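One structure is given below, encoded as structure tokens.
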Amino acid sequence: MEPLLIVALMLLASVLQTTWAYSLNCCGAAPDLVLLLVLFLAMQRQTTLGLWSAFILGLLQDMGGGNPLGLNALVLLAVAYLVSRVRTKLFKENLSAQLVIVVGMTWAYQFGTFYTVNALWHDAHTLGQWASRSLTMSIYNACLGPLFFKGLARLVRGEDVYQHLIATRSKPAPNRWVQRLP
Amino acid sequence: MLVTQQKPDLVTQSIRQGVSFILVPVQQKFTSVITQTREFFNVLTSLGKIRAENARLRQELQRLQLDNQRLAGQVQENEVLRQELAYKKATAWKFIPAEIVARDPASWLERAVVNRGTVDGVRPGAGVITPEGVAGRVIAVTSHSATVLLLPDVQSSVAAVVERSRIPGTVKGSGGRWLAMMHVPTGDDVKIQDLVVTSAVSSIFPPGLVLGEIASVQGAENGLMLAIRIKPRVNFQTLDRLLILKPEEE
């Protein structure tokens, strides 16, 4: 059931990104639903699945948006790899950690596509354009990201992950001095 | 894979053809939902303005109809004069209406996918316009969809002239809100608010179509050419309907 759900989410994210996301454009920024889904899968799932999902989502985004085939696929693959390297060191349900990942990876993704486009089309855009676009998109993604992750976690795992974690964290730690007495 | 995209090949074209056959109808459904929702809220919030604009448009329609009748006579006279002078016959154009079904806001490339393809007569390289002016050109076509390279894209370039002084140049996209007019030597007669239109040299657009208005004129770093910034006539942020050009003899 979960694999089918993930495939459905991937298709939905790529279609929404190329259709509805443009209408949510505000001050030159728009949400990047595909990137958010890639980050979620890269953080929450094993590395292989995260990488494959990123590559396939990137291909779907390229084909759906009229981009050169492979542009987003390669960059999203790199982003998923970076996240997979740090995922075991993160407390993934922590809001600050999620925000740092979303903002950092938005800048990284924008730099990856900016660099690739400039390499192919000879310095097409300036660093100023990259900085301004990354700033606006990272703010937009940071506002959406935690809500997106929470909703996806509930949907994919089929349980209230956050309540479970809060319940386990609220139990008092065992008193080791009491236990050691004969 | 990316390098081979510079020249489309059979494999990638086949992949695009197959995927777009399934994807484009789905994208069209999603886009139509949001278009209808937007139009519904627009109608609710602007009923008063709609009435006033309706009255204004009716008057403009009457004026244009009168102009059209006057110009029809001039077209006939022009044709007779062309024949007398043995000029090559001016190409007539057909318009294929299309709707944008997909556009990726996260991409650095200004491209859009429309819901018309080879079955509707669209060919690669065809010009794309709107009633306001030039919008771009078709760069890839499948049977039921086409990818349009919009004017602000860095790969886009159109042969143009300044309407007032007939100074030729090339209008290129800069990846942002503005267009740039290149190859205009320093000292040429170019002013702010001059209209820039397509040149007769362009093979994909009829001459005289509006590209935009000159917003700033400065000397370039090398001192030989002018750095001209153009505000495009078409609003690419809200663009949703296009007209694809097709020469009538095809």
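Below, the figures for the structure above:
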quantity	calculated
Long-range neighbours under 8 Å by Cβ, at least six apart or interchain, first residue at the interface with chain A (Cβ under 7 Å from one of its Cβ atoms) within the stretch B:11-28, second surrounded by fewer than 18 Cβ atoms within 10 Å (Cβ to Cβ) and not in a helix (DSSP H, G or I)	B:Thr12/B:Met1
Any chance B:Val162 is surrounded by 18 or more Cβ atoms within 10 Å (Cβ to Cβ), at pLDDT below 90 and farther than 21 Å from B:Phe95 by Cβ	no
Subset of the stretch B:37-81 that is within 14 Å of chain A (Cβ to nearest Cβ) and exposed (fewer than 11 other Cβ atoms within 10 Å of the Cβ) - its residue that is nearest to the chain's Cα centre (by Cα)	B:Glu39
Single match in B:Val161, B:Val148, B:Val128 (criterion: farther than 27 Å from A:Gln129 by Cα, part of a strand (DSSP E or B) and of a type outside the set (Gly, Ala, Ser))	B:Val161
Given (1) touching a Leu at 6+ places or on another chain (Cβ under 6 Å); (2) away from every other protein chain (no Cβ under 11 Å); (3) of a type in the set (Val, Ile, Thr); (4) surrounded by fewer than 24 Cβ atoms within 10 Å (Cβ to Cβ), index of the condition B:Ile96 fails	(1)
Of the criteria (1) closer than 30 Å to B:Ser145 by Cα; (2) loosely packed, with under 11 Cβ neighbours inside 10 Å, which one B:Ile34 fails	(2)
Residue within the stretch B:129-148 that is without any contact (Cβ under 8 Å) to a residue 60 or more places away in the chain, surrounded by 14 or more Cβ atoms within 10 Å (Cβ to Cβ) and touching a helix residue (DSSP H, G or I) at 6+ places or on another chain (Cβ under 9 Å) present	yes
Given (1) within 12 Å of chain B (Cβ to nearest Cβ); (2) modelled with pLDDT of 85 or more, index of the condition A:Leu120 fails	(2)
Yes/no for B:Asn54 being closer than 22 Å to B:Asp240 by Cβ, assigned to a helix (DSSP H, G or I) and polar (S, T, N, Q)	yes
Filter result (without any contact (Cβ under 8 Å) to a residue 60 or more places away in the chain, in a strand (DSSP E or B) and either in contact with a Gly (Cβ under 6 Å, 6 or more places away or on another chain) or under 22 Å from B:Pro124 (Cα atoms) (or both)) within the stretch B:192-250	B:Val196, B:Val197, B:Ile230, B:Lys231
Residue in the stretch A:16-31 that is away from chain B (no Cβ under 11 Å), in contact (Cβ under 8 Å) with a residue 40 or more places away in the chain and among the aliphatic types (A, V, I, L, M) present	no
Options B:Gly175, B:Gly169: the member that is crowded, with 16+ Cβ neighbours inside 10 Å, part of a strand (DSSP E or B) and not hydrophobic (A, V, I, L, M, F, W, C)	B:Gly169
Residue match in the stretch A:91-108 (condition: within 11 Å of another protein chain (Cβ to nearest Cβ), surrounded by fewer than 18 Cβ atoms within 10 Å (Cβ to Cβ), polar (S, T, N, Q) and part of a loop (DSSP other than H, G, I, E, B))	no
Some residue of the stretch A:46-59 being within 19 Å of B:Leu109 (Cβ to Cβ), in a helix (DSSP H, G or I) and at the interface with another protein chain (Cβ under 8 Å from one of its Cβ atoms)	no
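The values are calculated or read from the model by the stated rules, or taken from the named source; none is laboratory data. Keep in mind that what you see is a predicted model, and the values were worked out from it rather than measured. Cβ sites come from the backbone with ideal geometry, for glycine too, and all protein chains shown count toward neighbours.
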